[in-house]
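Q: There's a structure below that I have some questions on.
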Amino acid sequence: MESQTLQSIALMLGAGWASGINLYAAMLVLGWMGVSGQVQLPPGLEVLTHPLVMGAAGLMFVVEFFADKIPGVDSLWDTLHTFIRIPAGALMAAAAAQGLDMGTAGELAGLILGGGLATTSHVSKASTRALINTSPEPLTNWTASVTEDVAVVGGLWTALHHPWLFVLLLVLFIILAAWLLPKIWRLLKTAGKTLFSWFRKPGAAVSTTKHPSGE
């Protein structure tokens, strides 16, 4: 019973965390694990095994797979998905909390924790990718995208099969994100100021050439 409770907690936390990185991959992984019988999903997540839901998630995963690897487009995609990943992560975590048999209180706790984890992972991903996009070469962007997809699949598999390990890794992720995010934001602000100064220089040069002529 204790093992089942721990697995339910790990699933709840994993659903929120993974949704913030790649919602459609998270839906596909959980749906496939439920269909294949690898895990007994809580009633609230059983809908993920429906062919229509899996088909829609699969289609959107393919779209995101390509959009996520184009510099600039990936940041636009992340911005739009701020309004999708975070609420979906909160709802999926709340649905996963049904496995804890704690009623409304458990689902509300799942909603709060799932939303918080989805926000943390989404902001970490979006900020990192925005910083990577300051580099003109696409290789780093592709590597980051593939790494994120692998992390979602591997993370959810670990949450369901080795919940203690997943919880430990999740704690390390939160600590790392809390340490890295302020530094990433400072670098992004510096890059933004540099880019803004580049756009201002041509205008300044034109005004200085016109002024001596009296025009």
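Q: Any idea which of LYS125, LYS183, LYS189 is part of a helix (DSSP H, G or I), charged (D, E, K, R) and at pLDDT 90 or above?
A: Values: LYS183 fails: at pLDDT 90 or above; LYS189 fails: at pLDDT 90 or above.
Of the residues listed, the single one that is part of a helix (DSSP H, G or I), charged (D, E, K, R) and at pLDDT 90 or above is LYS125.
Q: Looking at region 63-77, is at least one residue of a type in the set (Gly, Ala, Ser) and in a loop (DSSP other than H, G, I, E, B)? Don't jump to the end; show me each part of the working.
A: Taking region 63-77 first, the residues of a type in the set (Gly, Ala, Ser) are 67, 72, 75.
Still in the running and in a loop (DSSP other than H, G, I, E, B): 72.
Yes; the residues of region 63-77 include at least one that is of a type in the set (Gly, Ala, Ser) and in a loop (DSSP other than H, G, I, E, B).
Q: Continuing with this model, one more query. Being of a type in the set (Phe, Trp, Tyr), without any contact (Cβ under 8 Å) to a residue 24 or more places away in the chain and either in a helix (DSSP H, G or I) or over 20 Å from THR128 (Cβ atoms) (or both) is the requirement here; does PHE83 meet it?
A: Working: of a type in the set (Phe, Trp, Tyr): yes; without any contact (Cβ under 8 Å) to a residue 24 or more places away in the chain: yes; either in a helix (DSSP H, G or I) or over 20 Å from THR128 (Cβ atoms) (or both): yes.
For PHE83, the condition - of a type in the set (Phe, Trp, Tyr), without any contact (Cβ under 8 Å) to a residue 24 or more places away in the chain and either in a helix (DSSP H, G or I) or over 20 Å from THR128 (Cβ atoms) (or both) - is met.
Q: Please work out which one of (1) in contact with a Gly (Cβ under 7 Å, 6 or more places away or on another chain); (2) surrounded by fewer than 23 Cβ atoms within 10 Å (Cβ to Cβ); (3) not polar (S, T, N, Q) is the condition LEU11 fails and give its number.
A: (2)
Yes or no, residue by residue, for (1) within 20 Å of GLN40 (Cα to Cα); (2) touching a Pro at 6+ places or on another chain (Cβ under 7 Å):
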{"site": "ALA97", "(1), (2)": "yes, no"}
{"site": "LEU113", "(1), (2)": "no, no"}
{"site": "ASN141", "(1), (2)": "no, yes"}
{"site": "ASP149", "(1), (2)": "no, no"}
{"site": "VAL153", "(1), (2)": "yes, no"}
{"site": "LEU172", "(1), (2)": "no, no"}
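Q: Let me ask something else. So which of GLY34, GLY58 ends up being assigned to a helix (DSSP H, G or I) and either closer than 20 Å to PRO163 by Cα or among the charged types (D, E, K, R) (or both)?
A: On the way: GLY58 fails: either closer than 20 Å to PRO163 by Cα or among the charged types (D, E, K, R) (or both).
Going through GLY34, GLY58 in turn, just one is assigned to a helix (DSSP H, G or I) and either closer than 20 Å to PRO163 by Cα or among the charged types (D, E, K, R) (or both): GLY34.
Q: Please give the number of the condition ILE9 fails out of (1) in a helix (DSSP H, G or I); (2) in contact with a helix residue (DSSP H, G or I) (Cβ under 6 Å, 6 or more places away or on another chain).
A: So the condition that ILE9 fails would be (2).
Q: Another question, then. From TRP17, TRP32, which residue is of a type in the set (Phe, Trp, Tyr), free of Cβ contacts under 8 Å to residues at least 40 places away in the same chain and surrounded by 14 or more Cβ atoms within 10 Å (Cβ to Cβ)? First the steps, then the outcome.
A: Numbers: TRP17 fails: free of Cβ contacts under 8 Å to residues at least 40 places away in the same chain.
Among TRP17, TRP32, only TRP32 is of a type in the set (Phe, Trp, Tyr), free of Cβ contacts under 8 Å to residues at least 40 places away in the same chain and surrounded by 14 or more Cβ atoms within 10 Å (Cβ to Cβ).
Q: Would it be correct to say that LEU111 is among the aliphatic types (A, V, I, L, M) and over 12 Å from the mean Cα position of the chain (by Cα)?
A: Values: among the aliphatic types (A, V, I, L, M): yes; over 12 Å from the mean Cα position of the chain (by Cα): yes.
Yes, satisfied.
The values are calculated or read from the model by the stated rules, or taken from the named source; none is laboratory data. These numbers were taken from a predicted model, which means no experiment stands behind them. FYI the Cβ positions are ideal-geometry reconstructions off the backbone, even for glycines, and counts take in every protein chain you see.
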